[in-house]
Amino acid sequence: MAARRPHTTLSPAQPAATFTGLGVPAALAAVLAERGIDTPFPIQTATLPDSLAGRDVLGRGRTGSGKTYAFLLPMLARLAASNTPRRPGRPRALILAPTRELVGQITESLAPLAKALKLRTMTVFGGVAPRPQINGLRAGVDILVACPGRLADHMGEGHANLDAVEITVLDEADHMADLGFLPVVRRLLDTTPKGGQRLLFSATLDSGVDTLVRRYLSNPVTHSVDSAQSPVTAMTHHVLQVRAEHRLPVLADLTAAPGRTVVFTRTKRGATKLTKQLIASGVPAVELHGNLGQSARTRNLGAFAEGRIRTLVATDIAARGIHVDDVTLVVHADPPMEHKAYLHRSGRTARAGAAGTVVTLMTADQAADVRDLTRKAGISPQLTKVTPEHPLLAQLAVGERCYVTPPPTPAPSERQPARRAAAGGGRGAAGGRRGSGGRASATPRNGSAPDEGSGTREGSGQRGGSGQRTGSGRGGSGQRTGSGQRGGPRPAKDADAGTGTRRGGSGARRAPASPAAAATPAGSAASFSAKSRAGARRGGR
């Protein structure tokens, strides 16, 4: 374990004219220039000379200050210079980040730079199938960008080993501490070589982060480009006091304006509920929180980043993982629990020197908590009592409001018959199924039609349409035909004979057709649902 030595705190240096003047290889500087990045940010100017020289570095700066390139550039330059060959399951460099979204953002910045140096990269995080990650590790990788939990799983199963890591980066170390990742982070770092270079970047230096610094960084140089609590000068902060019933109309008004808006809620359930409410109010929105699968998180964040959806409703998982340009407004629909969360949430706007607006909604009973929160965050917001018609809203979110009419929702009395009609003859009349032997098992599709397989399925595609199921069954041949309501009259439940035969005999089971089913054209789009195939598979059970 490295001994703790006094930190050397340096004042921010003046920005260099070029990255190459700081020692960045020309190939990397050219890639940055192609992306419109010509002048280093202060944290890059401060840290690059030391990190390129191989020293351990502790970089502290607010979110959006340019920390990602501050560690990517020296890592890539040093790996290219060392020219150590790749080995299966043994990455040469490791970047640990607390969220999947942050891993994705880092990789997006990393990929063109690594390509220019012919270095191989890959990502590891949960929520997706592990097999492609295992295969990628076996193929050998230069730089691994990972969330701690999934990487620990791969190591525990013998798919990854960190004994060849030359450079380790901890990004958003304070957030990893807040999320409870420190025990697994320590286990991972304990397996890396003690002589390797370590770079730690964090917005704050609390006790958890300081423990990592003392244990794993050797004689680190500390660079702090701004105070841990200093607000972004390009932000304007407002607190709007609203009545509970006005919260949604005020949010709808703010988010219906042009420009990207990130709305933060305190809980995952709250994010889902608010997203639905905004959509119902005519504001297209997507959600981002831990209850979503990875594909949904990627899809929603992509829609927001590409501008197809301009409102993102998120929990604090997004406070560190979203790096989207041109977010003009951040709204704390629920005031955060602590000042650090406020600063990180707010940092989604006013990035890279751009301007931005931060709005916190509060009710009268939250006033004391919000006042304490803003005091600790070091800001002095403008407090205003507002209603949905208040003129200040037009100043906070400038532009003509645009509402989209949401699709009509059928009344419960209208939905119930439709569901019953769709059920058909005991759930299973959505297209016939034929097979021989046993239970007429489902067979692989041959691709000629959505419902075809080697054991042919035939039907109109209607869950409530007429269909047949023919086969030897369990005890003999039988036939089921039905197009009626699931809840309609049924024959007597004779298990072995008569109408409705299930195990033997040749009787048919029929149910009277419902008016709704009879009136619906076979195969129409209105009658087809994603559940129709499942209904067909279940037969008439």
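The values are calculated or read from the model by the stated rules, or taken from the named source; none is laboratory data. For clarity, every value in this text was computed on a predicted model and none was experimentally measured. We place every Cβ from the backbone using ideal geometry, glycine too, and count neighbours over all the protein chains shown. When the accessible area is computed, the model is the full protein with side chains, heavy atoms only, and any ligands, DNA or RNA have been set aside. Shrake-Rupley method; radii C 1.70, N 1.55, O 1.52, S 1.80 Å.
Counting only Cβ charges, +1 for Lys and Arg and -1 for Asp and Glu, the dipole size of the stretch 28-83 around its Cα centre is about 180 debye. The P(r) of the stretch 29-188 has a tail past 20 Å containing 49 percent of all C-alpha pairs.
Out of every Cα-Cα pair that the stretch 193-302 contains, those further apart than 21 angstrom amount to 60 percent. Using the beta-carbon distance between residue 394 and residue 267 and R0 = 45 Å, what value does 1/(1 + (r/R0)^6) give for FRET efficiency, to the nearest 0.05? FRET efficiency, residue 394 to residue 267: 0.90. For the stretch 152-211, what class follows from the C-alpha gyration tensor (a ≥ b ≥ c being the square roots of its eigenvalues): rounded when a/c is under 1.5, otherwise prolate if a/b is larger than b/c, else oblate? It is oblate, given that a/c is not under 1.5 and a/b is not larger than b/c. Let a ≥ b ≥ c be the square roots of the eigenvalues of the Cα gyration tensor of the stretch 116-232; is it rounded (a/c under 1.5), or, if not, prolate (a/b larger than b/c) or oblate? Prolate.
Couplings 3J(HN,Hα) of the stretch 301-310, computed from phi: 5, x, 4, 6, 5, 7, x, 5, 10, 9 Hz, in residue order, whole Hz [Karplus 6.51 cos²θ - 1.76 cosθ + 1.60, θ = phi - 60°; x for Gly and Pro]. Calculated accessible area for the stretch 167-270 comes out at 37 Å² per residue, all protein chains present (probe 1.4 Å; ligands, DNA, RNA ignored). For the stretch 268-348, the gyration tensor built on C-alpha atoms gives a rounded shape. Its axis ratio a/c (a ≥ b ≥ c) stays under 1.5.
Remark: the stretch 99-139 carries a charge dipole of roughly 240 debye about the Cα centre, counting +1 on each Lys and Arg Cβ and -1 on each Asp and Glu Cβ.
Can you tell me the length gained on complete extension of the stretch residue 367 to residue 20, counting 0.36 nm per residue apart and subtracting the Cα distance? Walk me through the intermediate numbers first.
Details: separation 347, 0.36 × 347 = 124.92 nm, distance 5.06 nm.
Between residue 367 and residue 20, full extension yields 119.9 nm more.
The length gained on full extension between residue 244 and residue 129, counted as 0.36 nm times the residue separation minus their Cα-Cα distance, comes to 37.1 nm.
Whole number in Å², please: accessible area per residue of the stretch 15-56, 1.4 Å probe, ligands, DNA and RNA not counted. Mind showing how you got there, number by number?
On the way: 1800 Å² over 42 residues.
So the stretch 15-56 comes to 43 Å² accessible per residue, rounded to a whole number.
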